[in-house]
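Asker: Take a look at the following structure, please.
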Amino acid sequence: MAAPMELFCWAGGWGLPSVDPDCLAVLTYARFTGAPLKVHRVTSPWRSPSGHLPALRTRDEGIISKPQQIITHLRKQKYNADYDLSATQSADTLAFVSLLEEKLLPVLIHTFWVDAKNYVEHTRKWYAETIPFPLNFFLPNTMHKRHLERLQLIWGDDYMEDEEKLEKELYREARECLTLLSQRLGSQKFFFGDSPASLDALVFSRLAPLLKAKLPNGKLQQHLKSLQNLCNYCTSILSLYFPWDGGDPLTGVPRAAATDGSEAEEDPHKRRKQLLSVLVGLVAMLGYAFLSGIVSIQRGSVGPAGRQPVALEEEEEEEEE
């Protein structure tokens with residue numbers, strides 16, 4: 001029997017099987033198609049064989065790290081959620097995917113990673129509590145910086161010139177995108193009828209985190225909650241395809257019933273990787289402390305009594321809530 005494909009993705013939270021939209025999209029597509037995956041829900045990208053999440057370990061093509069490439073690989077293995085779509089429905093899929101990537105995704109990045117209140121009180125707080133020590137001291141900030149750079153690439157140089165005006169316009173377009181999705185879905189179970197397709201996996205992965213997260217500043221979230229059919233749509237997918245592993249684990253539910261095979265965080269080299277993570281994390285923390293000036297080395301002058309000991313100065317940081 002061939003070894004199952006292994007999917008590495010961010011762990012669950014907020015009542016979701018994974019808090020990361022890209023990981024959630026791949027997980028949902030796999031559930032839709034019944035692809036036999038061994039899922040590793042991890043709390044650090046360093047536990048992934050590629051250093052990125054999501055990542056799929058395959059027998060023939062090695063490690064695949066990009067979400068769309070993972071879905072394409074699953075299609076090649078005959079796990080195709082779009083097999084029964086007509087040419088018109090396939091064209092609609094491309095159009096809506098483009099709409100989501102252009103109008104909704106940038107605002108979602110802003111909502112979770114750029115909005116100061118949401119980032120400090122919700123996003124960074126979750127990752128800092130979930131990522132193991134000592135990585136939780138710097139990985140959230142690294143992820144924050146990466147998302148800022150991604151957003152600047154999407155919005156261009158104008159973003160820094162008139163940030164408030166641009167945000168207002170882009171949030172308006174994101175609300176219009178949600179309204180259009182609501183109108184297209186209507187009273188249907190899925191976007192193309194009674195069977196889910198790849199578009200459903202993508203839409204769900206974008207909407208569910210926005211719906212389930214407890215955001216202190218929920219401008220776009222409130223609009224989503226006003227569209228009842230989209231809320232019911234997300235709730236239905238969670239109950240149908242993730243009844244026992246939506247976010248926090250439920251006690252007393254047999255895990256062997258999962259449709260995508262064994263799911264665990266076990267790693268054959270777990271102890272070695274943990275020790276390596278601690279060592280690298282300590283080095284990175286010390287390097288960051290010296291570069292940022294939190295800790296500095298003062299050289300004392302050499303007096304008659306000999307060389308004076310090196311003094312370390314430490315600045316007290318403001319405690320995060």
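The values are calculated or read from the model by the stated rules, or taken from the named source; none is laboratory data. Quick caveat: nothing in here was measured; it's all calculated off a predicted structure. Note that each Cβ is placed from the backbone with ideal geometry, even for glycine, and that neighbours are counted across all protein chains shown. Protein only, heavy atoms only, side chains kept; ligands, DNA and RNA dropped before computing areas. Shrake-Rupley method; radii C 1.70, N 1.55, O 1.52, S 1.80 Å.
Asker: Tell me the residue from 95, 81 that is among the small types (Gly, Ala, Ser) and assigned to a loop (DSSP other than H, G, I, E, B), please.
Answerer: 81
Asker: Another question, then. For residue 164, work out the one condition from (1) at pLDDT below 85; (2) open to solvent by less than 70 Å² (accessible area, probe 1.4 Å); (3) among the charged types (D, E, K, R) it doesn't fulfil.
Answerer: (2)
To keep it simple, each residue is scored yes or no on (1) under 24 Å from the mean Cα position of the chain (by Cα); (2) modelled with pLDDT of 95 or more; (3) open to solvent by less than 10 Å² (accessible area, probe 1.4 Å); (4) not hydroxyl-bearing (Ser, Thr, Tyr).
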{"position": "196", "(1), (2), (3), (4)": "yes, yes, no, yes"}
{"position": "201", "(1), (2), (3), (4)": "yes, yes, yes, yes"}
{"position": "207", "(1), (2), (3), (4)": "yes, yes, yes, yes"}
{"position": "218", "(1), (2), (3), (4)": "yes, no, no, yes"}
{"position": "225", "(1), (2), (3), (4)": "yes, yes, no, yes"}
{"position": "228", "(1), (2), (3), (4)": "no, yes, no, yes"}
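Asker: Kindly establish whether residue 56 is open to solvent by less than 30 Å² (accessible area, probe 1.4 Å) and in the same structural domain as residue 185 (by the TED database).
Answerer: In short, no.
Asker: Here is a check on your reading of the model: is residue 182 surrounded by fewer than 13 Cβ atoms within 10 Å (Cβ to Cβ), in contact (Cβ under 8 Å) with a residue 12 or more places away in the chain and of a type in the set (Ser, Thr, Tyr)?
Answerer: no
Asker: Follow-up question, since we're still on this one. Of the residues that make up segment 104-118, is at least one part of a helix (DSSP H, G or I), under 21 Å from residue 190 (Cα atoms) and of a type in the set (Lys, Arg)?
Answerer: no
Asker: Would you mind finding the one in 43, 88, 28 that is under 25 Å from residue 233 (Cα atoms) and either within 12 Å of the chain's Cα centre (by Cα) or open to solvent by less than 50 Å² (accessible area, probe 1.4 Å) (or both)? Explain how you work it out, then say what you get.
Answerer: On the way: 43 fails: under 25 Å from residue 233 (Cα atoms); 88 fails: either within 12 Å of the chain's Cα centre (by Cα) or open to solvent by less than 50 Å² (accessible area, probe 1.4 Å) (or both).
On inspection, the qualifying residue turns out to be 28.
Asker: List the residue pairs whose Cβ atoms are under 9 Å apart, where the first residue sits in segment 123-136 and is closer than 16 Å to residue 112 by Cβ, the second is outside any helix (DSSP H, G or I) and open to solvent by 40 Å² or more (accessible area, probe 1.4 Å), and the two are 6 or more positions apart or on different chains.
Answerer: 124/320; 125/320; 125/321; 126/14; 128/320
Asker: For residue 276, all conditions in the list (1) modelled with pLDDT of 95 or more; (2) farther than 24 Å from residue 17 by Cβ hold save one; what is the number of the exception?
Answerer: With respect to (1) modelled with pLDDT of 95 or more; (2) farther than 24 Å from residue 17 by Cβ, residue 276 is out only on (1).
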